[in-house]
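What follows is calculated from the coordinates using simple rules that are stated; it is not laboratory data. Since we're looking at a predicted model, the values are computed, not measured. So basically every Cβ, Gly included, is an ideal-geometry build from the backbone, and we count neighbours across all protein chains shown.
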Amino acid sequence: MRTGFAGAGEIAGLSEAYKGNPANFVGRYLQENAGKESIDPAKAAARIVEAVEETGPTKKGGTGDLMRIPLGREAGVALAERAQLLEGARDRRSLWSSAELPEA
């Protein structure tokens with residue numbers, strides 16, 4: 001989300017203990033990608049308010065009863081990929097139910 005947070009600071013000289021660890025990676029990632037974020041914070045906030053108020057694209061009967069709000073292309077693609085995996089599991093019902101004992 002493009003807020004200015006990521007590029008607001010600078011990585012101070014890191015002690016040897018932090019070089020190459022996750023904190024170093026995250027700090028560098030934030031600086032290198034500052035200003036490249038694809039999500040507009042005002043639009044994201046509007047979608048969140050709409051979800052709470054059940055208006056807009058998240059209203060009941062619209063995109064329907066969301067437990068999570070996928071904001072941005074990356075989240076939407078990941079959600080669609082996960083949905084395909086779930087459909088694949090349903091298609092294999094005969095396989096996963098074949099190991100059950102008969103009902104008494």
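So the values come out like this:
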| item | result |
| --- | --- |
| A80-E37 FRET efficiency (beta carbon distance; Förster radius 25 Å; 0.05 resolution) | 0.75 |
| Full-extension gain in nm, I69 to I48, via 0.36 nm per residue minus C-alpha separation | 6.8 nm |
